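Data block below; observations after.
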């Protein structure tokens with residue numbers, strides 16, 4: 001007898017979340033990405049839903065023409081970013097796209113401060129120095145002198161869910177909080193975090209000690225920060241990127257760090273990602289790079305998985321999706 005279960009496609013990296021897959025298999029016929037790529041004609045006409053990790057968003061469209069799935073109703077992303085998908089084209093086909101940016105906001109904001117503290121206080125160099133048995137009596141110790149975060153000026157580029165969570169944390173460090181956004185937050189929102197709006201990006205950049213990039217990647221934000229923008233910043237400024245790597249022109253960032261245009265950078269995202277071996281950014285002591293792991297907490301991963309599954313189920317039944325893009 002033919003199965004009456006709806007068929008869903010699971011992205012390659014989603015296979016790692018076995019609890020999530022088990023819950024799906026109880027209700028749906030689950031097709032894994034590798035199975036589809038090996039026999040597209042067999043499964044393409046059955047797939048009604050897709051659930052993906054953020055990296056799957058970039059890799060799956062290169063392997064499968066997702067617009068050739070005639071019954072597709074919902075793409076549920078277990079994360080905040082969907083910039084690898086042609087959202088406009090899917091909307092025209094009435095394919096719903098769901099993401100879960102609110103879940104990722106708190107741990108990502110935490111990680112922004114991990115990178116701020118690590119770069120400002122030269123944590124990487126300090127750990128290396130300790131392993132080499134450096135003491136406070138050695139002259140090289142003074143190379144570890146960093147900068148205060150407390151009382152400094154933070155500029156938040158992108159005051160969405162993540163940016164606002166960053167602002168709340170910055171209050172605890174008694175920072176002066178500036179922000180630039182496509183649309184200004186309400187007066188009440190600004191008062192709650194004591195944030196000041198900058199009408200232009202240039203106005204923001206000229207004042208900041210720390211620039212924290214928290215904008216999504218769009219056609220407008222692609223390479224938003226380049227040579228011109230970096231030149232507005234102070235030589236002592238530090239750039240933190242927990243948004244998307246392509247928001248910053250990588251070559252221009254390398255030049256700015258090498259030439260002393262800015263003093264340091266903390267990057268959880270890069271372009272390309274990962275950077276190739278031997279890349280200049282990987283060789284710099286004043287740069288800390290992490291592998292896009294801002295949301296990598298047990299609590300966040302569990303909540304993201306649960307909400308992604310719920311969005312998938314709701315999309316297949318025509319119900320309400322948590323966050324629809």
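Evaluate the following for residue 136: is it free of Cβ contacts under 8 Å to residues at least 60 places away in the same chain and either under 30 Å from residue 313 (Cβ atoms) or more than 26 Å from the chain's Cα centre (by Cα) (or both)? So residue 136 passes the test. Would you mind stating whether residue 182 is touching a helix residue (DSSP H, G or I) at 6+ places or on another chain (Cβ under 9 Å) and outside any helix (DSSP H, G or I)? Judged against the criteria, residue 182 is not a match. Which of the residues belonging to region 164-191 are in contact with a strand residue (DSSP E or B) (Cβ under 7 Å, 6 or more places away or on another chain) and either within 21 Å of residue 234 (Cβ to Cβ) or modelled with pLDDT under 95 (or both)? The answer is 166, 167, 170, 175, 176, 177, 178, 179, 180.
Tallying residues that are surrounded by 11 or more Cβ atoms within 10 Å (Cβ to Cβ) and in contact with a helix residue (DSSP H, G or I) (Cβ under 8 Å, 6 or more places away or on another chain) within region 124-139 yields 5.
Would you check if there is a residue in region 304-324 being over 30 Å from residue 6 (Cα atoms) and in contact with a helix residue (DSSP H, G or I) (Cβ under 8 Å, 6 or more places away or on another chain)? So far as region 304-324 goes, no, none of its residues is over 30 Å from residue 6 (Cα atoms) and in contact with a helix residue (DSSP H, G or I) (Cβ under 8 Å, 6 or more places away or on another chain).
The values are calculated or read from the model by the stated rules, or taken from the named source; none is laboratory data. For clarity, every value in this text was computed on a predicted model and none was experimentally measured. Virtual Cβ from ideal backbone geometry, glycine too; neighbours counted across all protein chains shown.
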